[in-house]
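What follows is a short report on a single structure.
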Amino acid sequence: MIEQLTRLMVSSGATWVLWLLFGLSFASVAVAFERMMAFRKTHSDVNELVPKLRRLLHADDHEQAAKLLHDAGSVEGRVVAAGLAEADFGSAAPEEAMAAAIGLERKRLETRLLFLGTVGNNAPFVGLLGPVMGIVGAFEELGKPQAMTNAMAAAGSLAPERVMGTIAEALVATAVGLVVAIPAVAVFNYFQGRVTAALADAETLGHVLLAHLRAEHDPDLIEKRAARRNARAATEAKHSTPAAAHAAQGAAE
């Protein structure tokens with residue numbers, strides 16, 4: 001069994017390891033490009049959305065607020081739109097709806113990122129198969145009968161020509177494994193940061209909606225807002241009375 005595995009490793013060499021690493025590298029590039037396009041389509045400026053949404057909510061224009069979130073076409077917009085759809089059921093229902101929407105968006109954003117993380121963590125180990133096979137091949141060369149019979153006469157040339165050449169060729173696979181792993185880890189960390197930032201922006205925008213809904217359903221705040229509206233109306237009426245009287249007098253003359 002061991003002899004068969006040894007022959008298989010020696011005959012195959014490290015070439016297949018290199019091809020596997022090249023394939024993983026191409027797949028990582030494809031996944032990174034696809035994720036980049038997906039993130040570009042779902043990005044919006046939360047600094048612009050927050051004041052617009054707050055203004056529409058203060059005006060009790062939920063229809064325009066929903067349209068604003070839908071037109072944004074972003075993670076933040078979809079999360080808050082899920083909460084706004086439950087606005088008639090108090091403030092707890094929208095909060096739970098947005099939490100569920102955040103979970104769905106996280107799953108969608110992290111699609112295929114696990115592949116990048118797996119490649120980044122395991123490509124160096126795949127590359128280490130090259131030196132292992134190279135060492136096995138070197139010992140195989142040293143153990144050949146012709147090598148044993150000529151060991152005293154050609155020991156000085158055997159290692160440089162066969163053993164060291166085999167190991168040096170196999171070490172290339174280790175270098176390629178590191179070249180594949182390092183960019184994959186960097187891209188994986190970059191997209192994880194993008195996911196975290198997008199969901200944090202969604203929570204920020206969601207707090208704007210929750211603050212409005214909690215104020216809208218608070219009886220004490222409702223009474224205070226009604227009192228402020230009545231006071232404002234009385235002030236406007238007081239200022240408009242002299243003008244109306246003057247207008248009426250002018251019309252009588």
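All of the numbers you see were taken from the coordinates with simple rules; none came from a lab. Only a predicted model underlies this, so the values are computations on that prediction, with no experimental measurement involved. Heads up, the Cβs are rebuilt from the backbone with ideal geometry, glycines too, and the neighbour counts pull from every protein chain shown.
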Legend entry - Whether segment 14-107 is rounded, prolate or oblate, judged on the alpha carbon gyration tensor where a/c under 1.5 counts as rounded: prolate
Legend entry - Using a Förster distance of 30 Å, the FRET efficiency for residue 54-residue 89 (Cβ separation, nearest 0.05): 0.90
Inset, instruction - Quote the FRET efficiency, to the nearest 0.05, computed for residue 128 versus residue 26 with a Förster distance R0 of 22 Å and r equal to the Cβ-Cβ distance. - result: 0.60
